[in-house]
Amino acid sequence: MPVRVLFLFGTRPEAIKLCPVVLHFRSQPERFEVRVCVTAQHRGMLDQVLGAFEVQPDYDLNLMQPGQTLFQSTARMMAALEPVLMGADGWKPEIAFVQGDTTTTLCGALAAFYARVPVGHIEAGLRTGDLAQPFPEEMNRVLTGRMADLHFAATSWAADNLRREGVADERIWVTGNTGIDAVLHVKRGLEAGTMVADTDWSRLNPAKKLIVVTAHRRESFGSGFERICQALADLAERPDVEIVYPVHPNPNVQDPVTRLLAHRPNVHRIAPLDYVPFIDLMRRAYLLITDSGGVQEEGPSLGKPILVLREKTERPEAVAAGTVKLVGTDRGKILLEANRLLDDPKLRDAMALVHNPYGDGRASERIADATASFFSR
Ligand code: UD1
Ligand code: UDP
């Protein structure tokens, strides 16, 4: 009998990292009966990913509210997840998969725990060791790990973190990050011409160095964001650069970015891009500046150097490999490091090696095999 598998997700990064896994599980109907539940913690940003991967959810809880607080989204989610995990429609999952560290991840794991459904945690074991950074994601990931029965670690470093916390070896699988399955799939599609980005980049000046920026972390709201935007405004003084910043729709991000970066002719503030055009944009970049976890992982697959707008990262592997550098939210430091890379193409190229410590594009396959073997015991 196929194992009844539920995938639970709600935000853009979870969708990007779970859709390849859903498709892989769905391609094996003899092993798995798959259902997908989206909380829609994000709405537009989630839907574009579902569209790109052609994944139709079986349950759509449609929970996003503009400007939602952590309290509000957590409370709404727990109530809405109860019937899905309890099998109110007659279909109770035998395992629930969650991914990463968001509110949906935490609530999904907790709801599964209450329903006595085993939890599979994908991208388990990442740690900064500081519960305030990233906030609240570090705590979400720690708590989800405590509730998980199967732990899918992207790297051996993440697996070691779990072992140190007492997780049994036979419950941990090192699989690579499923986000690399997604980015390599799109990269190959763009290169082969089987995928098109469908975006007009003609207003970008090819003679200028393109800097692609994303930033949205909660711990940077307020003064951190002011400093990030001031540093970008300083950088935009250079006549040889062009900055493209797809701005996260969170009002705490939109407001400072609009206030501090409007009227800069070489700073293009645009709406969040769909996944395929965003990968295409990153391919064209000289440099990425970001606080995103996913972009930190994707950059090395595209051979792009990255300055990370965080004091600490739960993804140290690319820092060790030299393709990522932490610059925090210090205006002077961001400017200094960006200028160094802009002024010294050799330094930039040395940082831009195509090497990915996060995966080889086969994580979904390993997760499916591990799940099947777990249920055949
Ligand atoms: C969440 C995650 C964060 C992840 C980020 C990815 C938590 C605690 N944080 O943060 O780890 O990096 O998603 O983007 O779960 N909004 C829209 N449309 C959308 C999406 C968001 O308008 O498609 C706006 C809404 O006003 C929403 C707000 O953004 O209320 C914040 O969304 P929320 O999911 O609460 O937090 P994020 O900051 O996106
Ligand atoms: N991304 C996207 N469009 C954009 C910006 C980012 O599709 O305009 C993708 C990016 O390639 C990565 C993911 O969104 O896969 C990262 O999501 P986000 O930064 O929202 O969350 P995080 O990774 O920080 O949790």
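Numbers below:
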item: Size of charge dipole - the stretch 93-141 - debye, nearest 20, with Cβ of Lys, Arg +1 and Asp, Glu -1, no other charges; result: 160
item: Normalised contact order of the stretch 263-377, rounded percent, pairs of Cα under 8 Å and 6 or more residues apart; result: 21
item: Accessible area per residue, Å², the chain with all protein chains present, probe 1.4 Å; result: 41
item: Cleavage-rule hits, chymotrypsin sites (Phe, Trp or Tyr not before Pro), the stretch 16-102, DSSP coil, Cβ neighbours within 10 Å at most 16; result: TRP91
item: Neighbour net charge for LYS208 - beta-carbon separation under 15 angstrom, K R +1, D E -1; result: +2
item: Dipole-positive endmost among MET1, PRO66, TRP91 within the chain (Cβ charges, Cα centre); result: PRO66
item: Prolate/oblate/rounded label for the stretch 301-357 (Cα gyration tensor, a/c 1.5); result: oblate
item: Over the stretch 27-178 - Rg/Rh using Cα atoms and the Kirkwood inverse-distance radius; result: 0.96
item: Cα-centre dipole for the stretch 224-343 with unit charges at Cβ (Lys and Arg positive, Asp and Glu negative), debye to 20; result: 140
item: Reduced Cα scattering model of the chain, Debye log10 I(q)/I(0), q = 0.06, 0.11, 0.13, 0.14 Å⁻¹; result: -0.22, -0.74, -1.05, -1.21
item: Selection of trypsin sites (Lys or Arg not before Pro), the stretch 103-153, meeting DSSP coil and at most 11 other Cβ within 10 Å; result: ARG116
item: Whole-percent carbon and sulfur share, accessible surface of the stretch 213-260, 1.4 Å; result: 48
item: Label-point separation in nm, ASP60 to LYS333, each point 7 Å along Cα→Cβ; result: 4.3
item: Diffusion coefficient, µm² s⁻¹, Stokes-Einstein with Kirkwood Rh over alpha-carbon pairs of the stretch 115-171 at 20 °C and 1.002 mPa s; result: 187
item: Of all accessible heavy-atom area on the stretch 72-192, the percent that carbon and sulfur account for (1.4 Å); result: 54
item: Ellipticity estimate at 222 nm from DSSP helix runs (n ≥ 4, -39,500 (n - 2.57)) divided over the chain, nearest 500; result: -14000 deg cm²/dmol
item: Cβ-placed point charges (K, R +1; D, E -1), dipole of the chain about Cα centre in debye, nearest 20; result: 420
item: The chain, relative contact order [Cα under 8 Å, separation at least 6], %; result: 16
item: Solvent accessible area, Å² - THR69, 1.4 Å probe, full protein context; result: 50
item: Sparse-neighbourhood loop sites, GluC sites (Glu not before Pro) in the stretch 16-120 - DSSP loop, at most 14 other Cβ within 10 angstrom; result: GLU30, GLU54
item: Local electrostatic count at PRO239 - Lys and Arg +1, Asp and Glu -1, tallied over other residues with Cβ under 11 Å; result: 0
item: Leading residue at positive end of dipole, the chain (Cβ point charges), from PHE53, ILE180, PHE113; result: ILE180
item: Entries in LYS17/LYS333; LYS187/LYS333; LYS17/LYS304; LYS17/LYS187; LYS187/LYS304; LYS209/LYS312 that, when Cα-Cα distance is taken, lie over 24 Å; result: LYS17/LYS333; LYS187/LYS333; LYS209/LYS312
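The values are calculated or read from the model by the stated rules, or taken from the named source; none is laboratory data. Note that this is a predicted model, so its numbers are computed, not measured. As a convention, Cβ positions derive from the backbone with ideal geometry for all residues, glycine included, and neighbour counts pool all protein chains shown. Note: areas computed on protein heavy atoms with side chains; ligands, DNA, RNA excluded. Shrake-Rupley method; radii C 1.70, N 1.55, O 1.52, S 1.80 Å.
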